[in-house]
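To keep things clear, I will list the structure first and then write my remarks on it.
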Amino acid sequence: MMIPGPTFLAESTLRAMSRQMVSHRGKETGALLTYCIERLKEVFRTENDLFILTASGTGAMEAAIANIVEPGDKILCTTCGKFSERFKKIAEVFGAQVIEVSSEWGDAIDPEKVKVALDENGDVKAVTVTHNETSTGVRNPVEEISRIVKSHGTLLIVDAISSMGGDHIPVDDWKIDFCLAGSQKCFAIPPGFSFISVSDEAWEVIKRTKRKTFYFDLVSYKKSLEKTPPQTPYTIAITLLYALDDALNLMFDEGLENVIARHHHVAKLARDGIKNMGLKLFPVREEICSNTVTAVKIPKGINDQEFRQKVRERGVVISGGQDKLTGEIFRIGHMGRVTEREINITLNAIRQALSELKFPLNEEAIL
């Protein structure tokens, strides 16, 4: 399973999920919830409040917007692919006046364009940025954008759903007000959890906002964690909490820096292997390539579905393009528990599929 989530799970994680149910309001769940949150804060590199939502990553995106937006508020949304555009759609649902700063799909956001937009609009309430745009395989310069956003006294919302735990995203150092992550990506547990950190500055805005959300009201999550025992306001997915506990233990056993270094290493292996075959990466520059997903241009004359089916017949599942990139690119996910072994198996499957489809591979790419 080499797609940009969900990722394959460790055997110990699968076993952890087979444990019997306990009360979601009981001491055992409260202790496990507290333990997982403290470890998640270390992964996020933050001392901010952090909450576990029983929802996909999109739920955390909605929570960030819903807790600070009132109709007419200006929200600056940076867009460079399908998932960054989702922030724009969510903000519009909550009545925001959206200012869009966009780049072409395959390119990263230009921080200077963000500065210009903020200079021209002095009352922007928040800026949204997707750190890792999985639809295009592009990584955005969040640190540079953050310096600009914070110099304007504006909140920064960062979607790190597909990169937290697999790349460097120091939340506090980068002064991120809301940072979001998802369970089925680098954390390598099933879909269904999202994580959101909230800064002190964000809380000040939340307190002044007439919120129109029930399930995602972060004030309720904060109050519930302060109860004895700590809990969530609504039923948490206990099985996923078992999985998260195990997955975090695996990450800390390996070492957080080692986990990130492994993600960087396998990402480079994937990119180098693709280039050695004579294929072209989709991002316009390699320095903006994602460290958790590699997007590749489909060569002329190769049918996307036929190609990916032949890869699948060799035991490997990869993803196609989305929306306007359907049939134009394919994507290799390398997040979570992925090692050199899985990358080599994937590259071999791609080579064999391309060879069968008569694509002229470079000689050094043929095993």
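Bear in mind these aren't lab numbers, they're just calculated from the coordinates by the rules spelled out. The structure presented is a predicted model; accordingly, all values stated were derived computationally and were not measured. Counting neighbours? That spans all protein chains shown, and the Cβs are built from the backbone with ideal geometry, glycine included.
Show the residues, 5+ positions off or on another chain, whose built amide H is closer than 5 Å to the amide H of D49.
The answer is V198.
Order the peptides 151-162, 65-76, 254-265 from the highest to the lowest mean number of other Cβ atoms within 10 Å of their residues.
By packing density, highest mean first, the sequence is 151-162, 65-76, 254-265.
Would you tally the net charge around V101, using a Cβ to Cβ cut-off of less than 9 Å, leaving V101 out, and scoring K and R as +1, D and E as -1?
That sum, taken over residues with Cβ under 9 Å, equals -1.
How much net charge surrounds S319 when only other residues with a Cβ under 10 Å from its Cβ are counted (Lys, Arg +1; Asp, Glu -1)?
Within the 10 Å Cβ shell, the charges total +2.
Less than 20 Å apart at the alpha-carbon level, and either on another chain or at least 8 residues along: which lysines does that give for K300?
K275, K280, K310, K324, K358
Expressed as an acute angle from 0 to 90° and rounded to the nearest 10, what is the orientation of the C-alpha long axis of helix 340-356 relative to the principal long axis of the chain?
The angle comes out near 50 degrees.
Just to confirm the filter: which GluC sites (Glu not before Pro) across region 18-59 are DSSP coil and have at most 14 other Cβ within 10 angstrom of their Cβ?
For GluC sites (Glu not before Pro) across region 18-59 that sit outside H, G, I, E and B with at most 14 neighbouring Cβ atoms in 10 Å, the list reads E47.
Note the angle between two axes, namely the Cα long axis of helix 27-44 and the longest principal axis of the Cα atoms of the chain, as a number of degrees from 0 to 90, rounded to the nearest 10.
60 degrees
Please state the shape class of the chain: rounded when a/c is under 1.5, otherwise prolate if a/b exceeds b/c and oblate if not, all from the C-alpha gyration tensor.
oblate
To the nearest 10 degrees, how steeply does helix 111-120 sit against the main Cα axis of the chain, on a 0 to 90 scale?
40 degrees
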